[in-house]
Each structure stands twice: as structure tokens, then as C-alpha cells.
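Rule-based calculations on the coordinates, nothing more; no lab input. Not measured: the values here are computed from a predicted model. Glycine gets a Cβ as well: all are built from the backbone with ideal geometry, and neighbour counts include every protein chain shown.
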Amino acid sequence: MDLCHRLRDAAKPYWDASVNHRFVDQLLAGDIADEVFGRYLVQDFRFCDTFVRLLGAAVCAADDPEARLTHARQLSVLAGGEYRYFIDSFEALNIPESQWKNPTLSEPTQAFIALMEKACDSQDYALMLVVLVVAEWLYLEWAQRAGNTLPPRPEHRDWIVLHNEPDFVRWVGFLCNELNRVGAERDFETLREPFVEACQIEQRFFDMAFDGMR
Ligand SMILES: Cc1ncc(CN)c(N)n1
């Protein structure tokens, strides 16, 4: 079994709970409450801001010119289509700028930002890849649960498609190959710990969307 699959196995309870979370069930069915989805998107917009910093740090830390360019290309996706998605969705959900610009950060948002900043500050490419792999591979797995019929509302449908379209599949494949490559010589425990922590936060992030709801 390759390193990424060993890491995923080590985090199995949190990984599976996230991929099969009721948030995902309701998003795929298109019947997620606007209040729940809106709360999630406002927090996720803040997550994505630090995620951009993490990708920028990976551009600096990567040990291979081709890998640097692949990370740089993905930055343009975040700054382009994904940014547009957030702005359009805030409008569709009637969330004013005053609410999404400076929200109070939820506990899992703070925890994820702290984990990403720690990886940035470490200048350790393998640690950056651990967080990138969890964030992207776990999202690919839940988005691949989508069947042929996607929900009709663009804010639901596009969030799924952004995470299962062919370019995203290739991006996740690249990240996993990179972690398998640069993590091969590393002590497993030093990678397992942040990997499991990131999976735990992913689960709490979906939980948070239902805060105050039944
Ligand atoms: C919390 C979280 N984790 C992962 C992703 C996918 N980039 C995201 N948008 N938000």
C-alpha cells in the first residue's frame, strides 16, 4: 500500500465520517438548508484565503520545477473560477458582503487556519503536502459520490463539480504522487499526526455548518 493510502487508513474513522457526512448527503440531494450551506460557505471562504497561502508556500518549497508550476497553475483556479463561485453563491444565497468579508471564525475554521499556517511556517514541503492531500483528496472522494443527476441550483451543483471534474481528479493525483515521493523517506508518525488532525478538522467543519440547527 502506498504512503497516501496508509495515511488515509490511519485516519479512517474521521475520513469516512466526513465523506459520508449528512452535509454531503444533503448537498448531493440539493435539499441542504440555505442557512446551513451559507454558514459553511462563509467559513470556507476564510479557509480558502489561507489555503491560497499554503499553495504559495508549496510553490516556494517544492523541490522540482514541474511541481512548482503545477502548484502555481492551481493557484489560478482558486483565484479565478473558485473565487467567482463564492461571490456568485453569496449573491444567490443573499449573504451580504458585510457578512462574508469579516465573519467571526468558527472553531474548526480557526483550527484549520492554524494547521495550514504551521505547515507554511515549517517550510517543509512534505508537511504542506499532508494538509493539501487531506483537503483535496477528501473533497474529491465526497464529490465522487455524486451520481449522474446533479442538484439544479448552481451554488450546490458547481461546488460538487469543482471537486470532481477531470482537472481536479488530475490535481489530486498529482498531490498524492508528490506526497508518496517526498514522504517516502520520512518517519511515518511525523506525517500521520497532521494527516489525522486535518481529517478530524474536516469532520468538525461539516458539523459546524449545522450549529444551532437540529
Ligand atoms: C474545509 C475545506 N476543506 C477542503 C476544501 C477543498 N479545497 C475546502 N474548500 N474546504
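Could you run through region 25-62 and say how many residues are part of a helix (DSSP H, G or I) and under 19 Å from VAL130 (Cβ atoms)?
Counting residues in region 25-62 that are part of a helix (DSSP H, G or I) and under 19 Å from VAL130 (Cβ atoms) gives 14.
I'd like the residue in region 119-176 that is away from the ligand (no atom under 13 Å from the Cβ) and of a type in the set (Ser, Thr, Tyr) and, out of all such residues, is surrounded by the fewest Cβ atoms within 10 Å (Cβ to Cβ).
Looking at residues that are away from the ligand (no atom under 13 Å from the Cβ) and of a type in the set (Ser, Thr, Tyr), I get THR149.
If I ask for residues that are over 19 Å from the mean Cα position of the chain (by Cα) and under 21 Å from PHE112 (Cβ atoms), which ones from region 51-74 would you list?
Those that are over 19 Å from the mean Cα position of the chain (by Cα) and under 21 Å from PHE112 (Cβ atoms): CYS60, ALA61.
Assess whether GLN43 counts as being within 12 Å of the ligand (Cβ to nearest atom) and on the phi < 0 side of the Ramachandran plot.
Answer is yes for this residue.
Taking region 174-208, which residues are in a helix (DSSP H, G or I) and either touching a strand residue (DSSP E or B) at 6+ places or on another chain (Cβ under 6 Å) or acidic (Asp, Glu) (or both)?
Correct list: GLU178, GLU189, GLU193, GLU197, GLU202, ASP207.
For region 29-40, give me each residue that is within 16 Å of the ligand (Cβ to nearest atom) and touching a residue at least 60 places away in the same chain (Cβ under 8 Å).
The answer is ILE32, VAL36, PHE37, ARG39, TYR40.
Run THR104 past the list (1) surrounded by fewer than 18 Cβ atoms within 10 Å (Cβ to Cβ); (2) more than 16 Å from the ligand (Cβ to nearest atom); (3) β-branched (Val, Ile, Thr); (4) in contact (Cβ under 8 Å) with a residue 12 or more places away in the chain and report the number of the one that doesn't hold.
(4)
Please work out if VAL182 is within 15 Å of the ligand (Cβ to nearest atom), crowded, with 19+ Cβ neighbours inside 10 Å, under 22 Å from ARG68 (Cα atoms) and not aromatic (Phe, Trp, Tyr).
no
I want to confirm something. Restricting to region 107-118 and keeping residues that are in contact (Cβ under 8 Å) with a residue 60 or more places away in the chain and within 24 Å of VAL19 (Cβ to Cβ), which single residue is farthest from the ligand (Cβ to nearest atom)?
This residue is GLU107.
TYR85 - would you say it is within 16 Å of the ligand (Cβ to nearest atom), surrounded by 13 or more Cβ atoms within 10 Å (Cβ to Cβ), among the hydroxyl-bearing types (Ser, Thr, Tyr) and free of Cβ contacts under 8 Å to residues at least 60 places away in the same chain?
Answer is no for this residue.
List pairs: first in region 183-211 and in contact (Cβ under 8 Å) with a residue 40 or more places away in the chain and closer than 16 Å to VAL24 by Cα, second away from the ligand (no atom under 12 Å from the Cβ) and among the β-branched types (Val, Ile, Thr), Cβ under 6 Å, 6+ apart or cross-chain?
ALA209/VAL36; PHE210/VAL36
Could you tell me whether ARG22 is within 17 Å of ALA135 (Cα to Cα), charged (D, E, K, R) and away from the ligand (no atom under 13 Å from the Cβ)?
No.
To keep it simple, each residue is scored yes or no on (1) under 27 Å from LEU191 (Cα atoms); (2) touching a Ser or Thr at 6+ places or on another chain (Cβ under 8 Å); (3) surrounded by fewer than 13 Cβ atoms within 10 Å (Cβ to Cβ).
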| residue | (1), (2), (3) |
| --- | --- |
| TRP15 | yes, no, no |
| PHE45 | yes, no, no |
| ALA92 | no, no, no |
| PRO96 | no, no, yes |
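Scan region 27-43 for residues that are within 16 Å of HIS163 (Cβ to Cβ) and surrounded by 18 or more Cβ atoms within 10 Å (Cβ to Cβ) and report the count.
Qualifying residue count for the region: 6.
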